[in-house]
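Some notes on the structure that comes next.
Please treat every number below as a calculation from the coordinates, not as lab data. Please read all numbers here as calculations on a predicted model, not as lab measurements. Note that we place each Cβ from the backbone using ideal geometry, even for glycine, and neighbour counts take in every protein chain shown.
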Amino acid sequence: MAEEEPSSLASIARSQRIPEKEFEKQYKNHLSGFKNWEQKDHSEEWIIFPQNIGKRLSLDEVALTNGELYTILTNKAAHGKKGALIAMVRGTRSRDVSAILAKISAKDRDLVIEITLDMAESMENIVRYSFPNATHVTDRFHVQQLVSEATQEIRINLRKEAIREENEQIKLAKSQNKRYHSQTFENGDTKKQLLARSRYLLFKSQSKWNDQQQARSIILFREHPELKNAYDLSMMFRNCYEHSHSVEEAKESFTKWYVKVEEKNIDSFIVAAESIRLHETTILNYFISRSTNASAESFNAKLKGFRSVVRGVRDKKFHLFRVAKLFG
């Protein structure tokens, strides 16, 4: 029997006046095919679908339940639908994942020409061991996130300091039997509110700010020029991706950005820049065909959405069976 959507199963149960839990039990044990599923015995450790292999793949990790990580290999060509899932392996150790991927014939694995992945060393090792002919492409959005986090780190530290200052002022006011009044800026924000409410504008380009964000940015950068420097570096790095059309152009843009980071001498950006330098070869591979790991992120979101629809993972093997039916 084909896999039914959870909402459909509930509707059938109601129409037949069968207790929903009883119907779910009958569906699992007799109607779904779970009892005779060939991957049932090892499903909690791994499931694999060699027939879904393709030329361009995505490698990522997802938390199945209670933070338990699984490494997932998907085929971009399936666009997150039936046939997208190639393998799902418990854990992220490269040796363990590679051992399972070795169950796919070497001939098929050698046909893979490109795999997008994040910056984790374990992911790179998996690709190196399992797909020797594939080009490694470090996902653009993971790299940009590294730079965005450098900006946010500065904002968070400034907000902590603002909270600390406010606490000291409140204690001083109490010791003098006075009522504490927060200083507010022209837009009505206090210092800590200004820093808390500036989170999202620091992710966006200036052209996408609304009127409130535009007004807040003027105050923010006036009061904290170090954040203006961080924001400018972040946008400059984004432009490396937006305006480079070849590996050579991107490399030149990155080099200019490294120089600017050294000029500004901001610790969080120096760390981010060093990490980008170390992964530069696979980062630059993005500019060959502009492939990203967006399909993997979308697939992971579908897995999380499915988990939410079925109200959590009560029976891991059965849950994985249903995932296999939907995407395997």
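A dipole drawn for the stretch 141-289 from +1 and -1 charges on Cβ atoms has a positive end, and of 273, 284, 212 the residue lying farthest that way is 212.
For the pair residue 206 and residue 165, what calculated FRET efficiency results from E = 1/(1 + (r/R0)^6), where r is the Cβ-Cβ distance and R0 = 22 Å, to the nearest 0.05? The pair residue 165/residue 206 has a calculated efficiency of 0.15. If only the Cβ of Lys and Arg carry +1 and only the Cβ of Asp and Glu carry -1, the dipole of the chain around its Cα centre is close to 1220 debye.
Please report, in debye to the nearest 20, how large the charge dipole of the stretch 141-289 is about its Cα centre when each Lys and Arg carries +1 at its beta carbon and each Asp and Glu carries -1 there. List each step's numbers first, then the result.
Numbers: 23 positive and 21 negative charges, 184 e Å.
Value, rounded to 20: 880 debye.
Of the residues 235, 123, 88, the one with the fewest other Cβ atoms within 10 Å heads the list, and the complete ranking is 235, 123, 88.
Within the chain, what's the longest run with no GluC sites (Glu not before Pro) in a DSSP loop and at most 12 other beta-carbon atoms within 10 Å? Give the range, please. Intermediate values should be presented prior to the final figure.
Numbers: sites that count: 38, 186.
Between exposed loop sites, the widest span is 39-185.
Working from label points 7 Å from Cα in the Cα-to-Cβ sense, the residue 289 to residue 183 distance is 5.6 nm.
Based on a Kirkwood Rh over C-alpha pairs, give the Stokes-Einstein translational diffusion coefficient of the stretch 141-289 at 4 °C and viscosity 1.567 mPa s in µm²/s. Working shown, then result.
Values: Rh = 17.1 Å.
Using the Kirkwood radius from Cα pairs, D works out to 76 µm²/s.
For a test of the definition: using alpha carbon positions, the gyration tensor, and the 1.5 limit on a/c, classify the chain as rounded, prolate or oblate. Here the chain falls in the oblate category. Between residue 248 and residue 55, the C-beta separation translates, for a Förster distance of 22 Å, into a calculated FRET efficiency of about 0.30. In the stretch 177-200, which residues have a backbone nitrogen under 18 Å from the label point lying 7 Å from residue 214's Cα in the Cα-to-Cβ direction? Those under the cut-off are 186-188, 198, 200. Remark: relative contact order (the stretch 133-270) = 28 percent; criterion is Cα-Cα distance under 8 angstrom and separation of 6 or more residues.
For residue 46, the residues whose modelled amide H falls within less than 5 Å of its own, excluding neighbours fewer than 5 places apart on the same chain, are 90.
Dividing the summed -39500 (n - 2.57) terms of all DSSP H runs of n ≥ 4 by the residue count of the chain sets its mean residue ellipticity at 222 nm at -17000 deg cm²/dmol.
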